[in-house]
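Structure first, then comments.
The values are calculated or read from the model by the stated rules, or taken from the named source; none is laboratory data. Everything numeric here is computed off the predicted structure, so don't read it as measured data. Virtual Cβ from ideal backbone geometry, glycine too; neighbours counted across all protein chains shown.
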Amino acid sequence: MEFKIKSKNMEIDDKIRQYAEKKIKDRVVKFLDKVIEIELKLTFEKNPRITENNLAEVTIYTAGTVIRAEDSGVDTYSAIDKVNEKLERQVKKFKDKRIQRGRHQPNKSNASVDQKIRNQIVKTKTFIMKPMTPEEAVMQMELIGHDFFVFISSETGETAVVYKRKDRNYGLIEPTIE
């Protein structure tokens with residue numbers, strides 16, 4: 001299992017590295033098996049109007065699943081602590097769902113949960129999709145004022161998604177089959 005720490009606008013010393021490994025890596029490994037990689041990105045925002053200007057983003061790659069959490073704090077250590085709390089909740093939720101899936105038996109409680117979720121879907125949209133490049137998809141997304149746009153890639157022929165990132169850049173999600 002690989003543990004990567006990346007930084008932006010700051011230097012990472014051994015003290016921070018050890019703290020992050022103890023708080024995040026050791027805890028994740030304790031709760032999850034088959035972790036392939038853990039990536040921690042620490043960012044210092046230079047904007048003086050932001051009080052919690054230390055950001056921590058954690059991405060965990062496991063066999064078939066990606067778990068991601070982010071949070072901010074007044075210093076790097078508090079950002080790591082906060083993101084660790086979020087991460088623990090997500091990992092526990094993920095494990096509980098996996099355990100429930102293993103015990104999956106069609107019964108009334110599962111049917112009622114499915115019905116409850118179906119009732120929460122309050123709107124369905126359909127639209128015509130034409131093949132386009134990611135650049136065209138970004139332009140379409142900007143024109144409709146959304147944060148994401150689903151399209152068929154003219155390059156791959158597969159369904160893909162472009163989305164607006166918090167850093168004001170764009171992301172592209174393309175499916176791969178294992």
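Quick notes
- Qualifying residue in the stretch 12-19 (condition: of a type in the set (A, V, I, L, M) and either more than 17 Å from Asp167 (Cα to Cα) or at pLDDT below 85 (or both)): yes
- A single entry from Val35, Val74 fulfils the requirement of being surrounded by fewer than 13 Cβ atoms within 10 Å (Cβ to Cβ), more than 20 Å from Arg165 (Cα to Cα) and among the aliphatic types (A, V, I, L, M): Val74.
- Any hit, the stretch 109-116, residues being surrounded by fewer than 10 Cβ atoms within 10 Å (Cβ to Cβ) and at pLDDT 85 or above: no
- Taking the criterion of being touching a Lys or Arg at 6+ places or on another chain (Cβ under 8 Å), closer than 18 Å to Lys93 by Cα and either part of a loop (DSSP other than H, G, I, E, B) or not assigned by TED's automatic domain parsing to the domain that holds Lys95 (or both), the residues of the stretch 26-73 that qualify are Leu32, Ala63.
- One residue from Thr43, Thr59, Thr51, Thr65 being of a type in the set (Ser, Thr, Tyr) and buried (at least 18 other Cβ atoms within 10 Å of the Cβ): Thr43
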